Amino acid sequence: MSLKANEETSETTVSFSSDSYLKINGKTNVSKFNCSFNIQAFSNEIKIGYKELENSIQFNSATIQLPNIEFHCGGKAINKDFRKLLRTDEYPKITLSLKEISKQNETSEFINATLSITICNISKDYKIPVKIIKGNEIYVQGLLPINITDFNLEAPKKMLGMVKVSPEIEIEFALKINEV
């Protein structure tokens, strides 16, 4: 994608390199955990529609769906707990939609990305700094802290309430994107 200013809507198709990653980091009162998404689940190419403006790019279609069953948290029991937390039977996917990117300033290696995240049919918008490195591939890296209570999710408790999961989690990603 080039960053020239025009008012036309453009389209491109991208795919994710197999060494990309997306994971959810969390903690309890006794330990930390992470649930890694199986990037191989993105075997299909993703079509993106966007409009380049003077200082930003607005996206009208840049959405990925993350099937909850593709997150692996390190064991069968914690995977089951994760899927139960997300009410996977009723809401089998998390949806991430890129809305806009804009430069922070001319010298920064970071841009601001506006994302919409939908979990359990509740959508919230977030603006986060994202690092982009351009080469043969576009490398996008970021960390998004969210509170699961924003999505009407209740942090689980285990072992008669002695182990409590913090409602604050982080979505960490490093995506190598190829334009197809």
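Just so you know, all these numbers are worked out from the coordinates, no wet-lab data involved. Source: prediction; values computed, not measured. A quick note on method: Cβ atoms are made from the backbone with ideal geometry, for glycine too, and the neighbour counts reach across all protein chains shown.
Summary table
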{"item": "Those strands (runs of 3 or more DSSP E) lying entirely in the stretch 1-97 with at least 1 residues farther than 25 Å from residue 154 by Cβ", "result": "9-16, 21-27, 46-52, 56-61, 63-67"}
{"item": "Matching residues, the stretch 20-74, being closer than 22 Å to residue 121 by Cα and hydroxyl-bearing (Ser, Thr, Tyr)", "result": "36, 61, 63"}
{"item": "Hey, residue 115 touching a residue at least 40 places away in the same chain (Cβ under 8 Å), surrounded by 15 or more Cβ atoms within 10 Å (Cβ to Cβ), closer than 30 Å to residue 165 by Cβ and not basic (Lys, Arg) or not", "result": "no"}
{"item": "Residue pairs meeting the criteria (Cβ under 8 Å; at least 6 apart or on separate chains; first of a type in the set (Val, Ile, Thr), in the stretch 69-93; second in a loop (DSSP other than H, G, I, E, B))", "result": "69/88; 69/92"}
